[in-house]
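Novice: First, the structure itself, so that you have it in front of you.
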Amino acid sequence: MSVPTHTARVSAVSIVRLEGVVASLSGATESQPTAPVVFIDLAAVTRVTSLGARELAGLFGRLAEGGRQVVLADCPPPVVALLNLIRGFAGDAVVLSVKAPYFCDRCGREKSLTLPAEALAASDEPEAPPLLCEDDGAPLVFDDIERSYFAFARRVRHATASPELFAALAAAREGRVPEEVPAAPPHDDSVVRAAIRDESRAAQLLLPAADRAFWVVVGALLGVLALVGWNAL
């Protein structure tokens, strides 16, 4: 089943909207957008299958052909999970914003907040901003583990967020002509390369101290057993 897809061009900006469950993109974007800036609006995506993940990555690559700037907007949790899981999933596309999921422990209300990827990447320990429930005023709970959910931020190319860029996205969503067509320059790729080089070290740092101590002890015991076995020979 193909995911509902809507493609529109407003002036020099194109917007591709994906909705619902991404299981197949057959027939999607049959006419290649020709605008220099292409927004992929992912806000309404609810789930991505394994096949859908492969096709999404292919879509990002096809749209980036010809030097177009592909901007991923409002990546929901299923897409954020893929950004964290699959290295290079976004390809040459830049991430403008993601959706942070919250829920209210008291009334069960769910809410999402749009966060610029650039701001997340600038923080060593990105955190979800505190929010209050609009129904009962209780503090909302972030519906994931912040460290793992925001881990993608230093591993992908993100757009340099600007009011003009968000205004152009809003105009494209509403079918209006934006006042200007802003560029969406990515941040310095050297940051991404450094993050990839440090990925194994980062994984060690993410391991709880107690677990690290356990594996150190296990390693020491294995070393002793190996030495005893060698002496027995």
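The values are calculated or read from the model by the stated rules, or taken from the named source; none is laboratory data. Everything numeric here is computed off the predicted structure, so don't read it as measured data. Here the Cβ positions follow ideal geometry from the backbone for every residue, glycine too, while neighbour counts run over all protein chains shown.
Yes or no, residue by residue, for (1) among the aromatic types (Phe, Trp, Tyr); (2) assigned to a loop (DSSP other than H, G, I, E, B); (3) modelled with pLDDT under 80; (4) closer than 18 Å to ALA100 by Cα:
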site	(1), (2), (3), (4)
ASP144	no, yes, no, yes
SER148	no, no, no, yes
VAL156	no, yes, no, yes
LEU165	no, no, yes, no
ALA171	no, no, yes, no
ARG176	no, yes, yes, no
GLU180	no, yes, yes, no
ILE196	no, no, yes, no
SER200	no, no, yes, no
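Novice: When you scan segment 136-172, how many residues do you find that are surrounded by 15 or more Cβ atoms within 10 Å (Cβ to Cβ) and among the small types (Gly, Ala, Ser)?
Specialist: Qualifying residue count for the region: 9.
Novice: Determine if segment 85-92 includes at least one residue that is free of Cβ contacts under 8 Å to residues at least 40 places away in the same chain, touching a Phe, Trp or Tyr at 6+ places or on another chain (Cβ under 9 Å) and closer than 13 Å to VAL16 by Cβ.
Specialist: The answer is no, given that none of the residues of segment 85-92 is free of Cβ contacts under 8 Å to residues at least 40 places away in the same chain, touching a Phe, Trp or Tyr at 6+ places or on another chain (Cβ under 9 Å) and closer than 13 Å to VAL16 by Cβ.
Novice: From ALA57, ALA53, ALA117, which residue is in contact with a Phe, Trp or Tyr (Cβ under 7 Å, 6 or more places away or on another chain) and surrounded by 16 or more Cβ atoms within 10 Å (Cβ to Cβ)?
Specialist: Residue meeting the stated conditions: ALA57.
Novice: All but one of (1) surrounded by fewer than 17 Cβ atoms within 10 Å (Cβ to Cβ); (2) modelled with pLDDT under 95 hold for PHE103, so report the exception by its number.
Specialist: Against the list (1) surrounded by fewer than 17 Cβ atoms within 10 Å (Cβ to Cβ); (2) modelled with pLDDT under 95, PHE103 comes up short only on (2).
Novice: Please list, ordered by first then second residue, the pairs with beta carbon atoms under 8 Å, 6 or more apart or interchain, first in segment 38-49 and closer than 19 Å to LYS111 by Cβ, second among the basic types (Lys, Arg) and at pLDDT 95 or above.
Specialist: Pairs that qualify, where the first residue is closer than 19 Å to LYS111 by Cβ and the partner is among the basic types (Lys, Arg) and at pLDDT 95 or above, are ALA43/LYS99.
Here's the yes/no breakdown for (1) touching a Lys or Arg at 6+ places or on another chain (Cβ under 9 Å); (2) surrounded by 22 or more Cβ atoms within 10 Å (Cβ to Cβ):
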site: ARG62; (1), (2): no, no
site: ARG68; (1), (2): no, no
site: LEU85; (1), (2): no, no
site: VAL95; (1), (2): yes, yes
site: ARG109; (1), (2): no, no
site: GLU125; (1), (2): yes, no
site: PRO129; (1), (2): no, no
site: GLU134; (1), (2): yes, no
